[in-house]
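The values are calculated or read from the model by the stated rules, or taken from the named source; none is laboratory data. Bear in mind that the values here come from a model prediction, so they are computed numbers and not experimental data. Reconstructed Cβ throughout: ideal geometry from the backbone, glycine too, with neighbour counts over all protein chains shown.
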Amino acid sequence: MTTTEIATKLSEVQALEAAHVLQIYRRTPVVFVRGSGSRLYDDEGREFLDLVSGIGVASLGHANPALARALADQAATLAHTSNLYFHPLQGEVARRLAALSGLPRVFFCNSGTEAVEACLKFARRYWHAQGSPRTKIVAFDHAFHGRTAGSLSATWDAHYRDPFAPLVPGVTWVSPKDPVALAAAVTAETAAIIVEPIQGEGGVRPIPLETARTIRELSDQTGALVIADEVQSGLGRTGVPLYSSVLGLKPDLVAVGKALGAGMPAGAALFSQRVADQAAPGDHGTTNGGNLLACRAALVFLEALTEGGLMTHVAETGRHLRARLETLAAKHRAIIEVRGAGLIWGLELDRDATPVIEAAFERRLLVNRTAGTVVRLLPPLIISTADLDEGIARLDEAFAACKLS
Ligand code: PLP
């Protein structure tokens, strides 16, 4: 494979990273070397049940055989040519994304933050073309839109933003539970309202229906464009193509990522025709975005989602998971709320979630903490009800071991 001997032992991996990798992650001390479906295996061969799926990315599970075959075939044929030339796959992935979303035009990139970045840029581009430039953005408390400068500017938590200030100006945040404040914030100067239909990193918080209705009304009244950040909630995660449709939102711009590449880095910004009409060659671009390898992965994923019955599977297993989580919450009083849809769920605790995450890890179950007090579950979309049941049983034990109930 390589002429260098690659270390897999935890202490060696940690030492090498400590010497050379930028220290920005608080990693759990485990080295995963192999996966299969909803399972991960560490360097000592220990098996873990994975209800995180690489933060919603390994949509088809780990080492999916059809994906592996397609990627091997693509890598052996042609992996990358850049956007200087045509290749056969971008148009087909775009056609499928358009059919799923109802938005006809797609820009391909490599990550969620780039997809959001493109949405923010083309919202401005739209207003620039109208001859009355608008640059103001209205976002929501608890929002997480990514780490590049534009996306970070719209991200709510000041801890993420402050070390990099000044960022892109003109962003206002309002509570998603306060439609009146929202109405006051959106004016004839607002370029766009950006919203995660289910706030993921912010603690798995679905946007209330009334707020969604207000977003729609304000967009109609002021012309402000709606950007739906569906990087975490989109592409089948909730059992429907995009959660915006459940909220009755009609976004002009949608950001997707994570699940799209099923493990290959991929993101996409989807545009209404009126926004896309203002884009001209040279306005935006990326070297790697939409390359053949990423597009091949996206094709395998989108085929599974729409023709392979994956969306229905998520809806069914999601109902099952919801019922199990509600039973769990009834048993453990530290769980004060169960939020989510399909296969994205958060258990809000009345305290820091860290001990539960650690107790779950000791039972070889991967779940993760978000927003401090929330245990988040983002299993692979292909997960079976049997695996979900096993996960809930281990989580139950973890709660019991923490003596929170
Ligand atoms: N938007 C949302 C809603 C996200 O959840 C994330 C990542 O968690 C991002 C954007 C950024 O995506 P990425 O980490 O792929 O850049």
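So which residues in region 152-167 are among the aliphatic types (A, V, I, L, M) and surrounded by fewer than 15 Cβ atoms within 10 Å (Cβ to Cβ)? Listed by number, the residues that qualify are Ala158, Ala165. Checked against the criteria, Ala7 does not count as more than 29 Å from Pro379 (Cβ to Cβ), modelled with pLDDT of 95 or more and among the hydrophobic types (A, V, I, L, M, F, W, C). Candidates Arg216, Arg237: the one that is assigned to a loop (DSSP other than H, G, I, E, B), out of contact with any Pro (no Cβ under 7 Å at 6 or more places or on another chain) and basic (Lys, Arg) is Arg237.
This table checks each residue for (1) within 21 Å of the chain's Cα centre (by Cα); (2) under 16 Å from Ala266 (Cα atoms); (3) within 16 Å of the ligand (Cβ to nearest atom).
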{"site": "Leu78", "(1), (2), (3)": "no, no, no"}
{"site": "Gly112", "(1), (2), (3)": "yes, yes, yes"}
{"site": "Ala118", "(1), (2), (3)": "yes, yes, yes"}
{"site": "Ala129", "(1), (2), (3)": "no, no, no"}
{"site": "Lys136", "(1), (2), (3)": "no, no, no"}
{"site": "Ala139", "(1), (2), (3)": "yes, no, yes"}
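Apart from one condition, Cys295 fits all of (1) within 12 Å of the ligand (Cβ to nearest atom); (2) in a helix (DSSP H, G or I); (3) not β-branched (Val, Ile, Thr); the exception is (1). Within region 174-224, restricting attention to residues that are in contact with a Lys or Arg (Cβ under 9 Å, 6 or more places away or on another chain), closer than 18 Å to Ser272 by Cα and among the aliphatic types (A, V, I, L, M), the residue that is surrounded by the fewest Cβ atoms within 10 Å (Cβ to Cβ) is Ala191.
Within region 227-237, not a single residue is away from the ligand (no atom under 14 Å from the Cβ), closer than 25 Å to Ala129 by Cα and crowded, with 22+ Cβ neighbours inside 10 Å. Taking region 306-405 and the helices (runs of 4 or more DSSP H) fully enclosed by it, the elements with 1 or more residues that are under 18 Å from the mean Cα position of the chain (by Cα) and surrounded by fewer than 18 Cβ atoms within 10 Å (Cβ to Cβ) are at 310-331.
Can you tell me which residue is nearest to the ligand (Cβ to nearest atom) among those in region 250-262 that are outside any helix (DSSP H, G or I) and crowded, with 24+ Cβ neighbours inside 10 Å? Result: Gly257. For region 195-213, a tally of residues being assigned to a helix (DSSP H, G or I), more than 18 Å from Asp252 (Cα to Cα) and either of a type outside the set (D, E, K, R) or within 10 Å of the ligand (Cβ to nearest atom) (or both) returns 1.
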